[in-house]
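These notes are about the structure you will find just below.
We did not get these values from a lab; they are worked out from the coordinates using the rules stated. Keep in mind that what you see is a predicted model, and the values were worked out from it rather than measured. All Cβ positions, even for glycine, are placed from backbone atoms using ideal geometry, and neighbour counts span all protein chains on display.
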Amino acid sequence: MMIILILTILIGGIIYKTKIFKEPYTGTIFQKMMIIGFVCLFIFLLAIKPNFISDYLGEENDIYNKYLVDAILEGKANISIEPSEELKKLENPYDPNQREDIEYSFDTAYYDGKYYVYFGMVPAILMFVPFKLLTGMYLPTSIGTFLFISLSLMTSTILIIQIYKRWFKKIPFSLLFIFIITTWISGLYIWNTWRMWVYELTLMAGYFLVQLGLIWMLMATKDSQKVHLKYVFLSCLAMALAVGCRPTLVLTSILLVPFLYQIIKQAYKSKTLKNALLCIMIPYILVAIPLMGYNYARFGNIFEFGAKYQLTVVDVTDLSERYKDIPKGLYQYLLEPPHLKGEYPYIYTDYSQEGYTSNYYNGGIVCGILFFNLTMIGCIFWYKYYKKAKDFIFKGLMILLPSVGIVMCMLNVYMGGTIQRYAVDFFWMFSVLAMLIWLLMYENVKKESTKKVILITLLLLVEISILINFVGTFLNAETNFLEKFYPEVFQFFKF
């Protein structure tokens, strides 16, 4: 850990002292290569990090990369695993206590005597099915997950650059680079590369598509005099496809509202309103119709994605008391400090059920997202800098990012429980909001000495966040994978 600490301090010193970081980002070859180099280095480090690949069926292929792909290619809604007679006879098959001594396929959706995959099918359509058609083989779920992790790392970086170029062109490159790093933190990449099974696959695929949708929407509206409708179409398509990864991501489309208002307003003036509306509506229709048909074929309800028919660790058919868990769940996801202990690795993952209802699932929390990215402390200045917002879209984002983020966090608590990896759904929204506030703060300061204080503060916050991320996610993570499966590596980082 001392090595990690020294490296972060060294990088912080370079960012603070080097001339290139003191100048604005203008897209020079050197600046671009520096960003690309760090992205490639981070992807490389994730690739060589020890990974534990969970195999739920005890076979080479699992319910997603094999059984779902086969079902899609065969034109079936259900997968080909046959439920046991004991499962079919249960009064309530969704009660884990009743399933305790019988054979069943864990974390599938069970409905009307058949198994279904409730995990979003869009990653399968985009990646797994084409791979099977082209090669005749099944793409390992871990490889598909890592590809989406790498793609989302790239899109989250591009999104921050697009925001910077849109509103903060005169801000030094050092701040842009700092907030690129914070977006990597907000993706919980180390955490989500431990197991790389279907949970992480659909999370990271959805994250990638949402980031891509926002990038294209920023490109569509970059010209105040003209709307680029092809990017509007692509943006709405990406946002719609994200719903096919995780249904709750439908809420992220709300983030497009200020952009769409400007698009419709400009299209009305230029008499291209019909074209604009078609570019907004058609992508959602193209995705919604097959998704609804798929839901109806499986569960007889166009709005049912299968979550309430899961055979999982709790009875998801009974969520009647879960609303009581929302306050504690919000605190745990957002603000809970790291759980400290007096021995290496000094932080532990909390699986306690204390304070929750009996049917709640706490899948493990190291700390709230604030401590994974301490720059989010800047959100306390929201009201002060909201009044300094640059334009309608900027102001809209400052309202919608925290609003949508909190609602998505509440939905995760209510429908899924508190599980660290689920924070990817909303973590980045608070991270981007904090970035907007810090950049506005820096921009509105006149004294160079105060600007240096802001830069040093941000560097310290990021360095502490990196250390918490490393200890909390690399040395802890879910089920302490590193200590369990790679004890030599685990001990290597001990002081």
(request) Report the FRET efficiency, 1/(1 + (r/R0)^6), for Tyr383 and Ile81, where r is their Cβ-Cβ distance and R0 is 60 Å, rounded to 0.05. (result) 0.65
(request) Report, in debye and to the nearest 20, how large the dipole of segment 63-135 comes out about its Cα centre when Lys and Arg carry +1 and Asp and Glu carry -1 on their Cβ. (result) 460 debye
(message) Quick check: the angle from helix 29-48's long axis to the longest principal axis of the chain, C-alpha only, nearest 10 degrees?
(response) 30 degrees
(request) Give, in nm to one decimal, the length gained when the segment between Cys40 and Val489 is fully stretched (0.36 nm per residue of separation minus the Cα-Cα distance). (result) 159.4 nm
(request) Return a single number: how many Lys pairs in segment 63-135, at a sequence separation of 8 or more or on separate chains, have alpha-carbon atoms below 20 angstrom apart. (result) 7
(request) Mind jotting down the distance between the C-alpha centroids of segment 161-234 and segment 252-331, whole Å? (result) 20 Å
(request) Specify the longest stretch of the chain that does not include any exposed loop site, a site being one of the GluC sites (Glu not before Pro) with a non-H, G, I, E, B DSSP assignment and at most 14 other Cβ atoms within 10 Å. (result) 104-320
(request) Per DSSP H run of at least 4 residues, take -39500 (n - 2.57); add these up for the chain, divide by its residues and hand me the 222 nm value, nearest 500 deg cm²/dmol. (result) -18000 deg cm²/dmol
(message) If I model a spin label as a point 7 Å beyond the Cα along the Cα-Cβ vector, how far apart are those points for Lys226 and Ile399 in nm?
(response) 3.1 nm
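Could you calculate the contour length gain from Asn97 to Lys341, that is, 0.36 nm times the residue separation minus the distance between their Cα atoms, to one decimal place in nm? Numbers along the way, then the final one.
Working: separation 244, 0.36 × 244 = 87.84 nm, distance 3.33 nm.
Length difference between fully extended and current span is 84.5 nm.
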(message) Cross-link candidates for Lys230: which lysines have Cα within less than 16 Å, leaving aside residues fewer than 8 places away along the same chain?
(response) Lys222, Lys274
(message) Taking the 0 to 90 degree range and rounding to the nearest ten, how far is the long axis of helix 424-444 tilted relative to the main principal axis of the chain, both from C-alpha atoms?
(response) 10 degrees
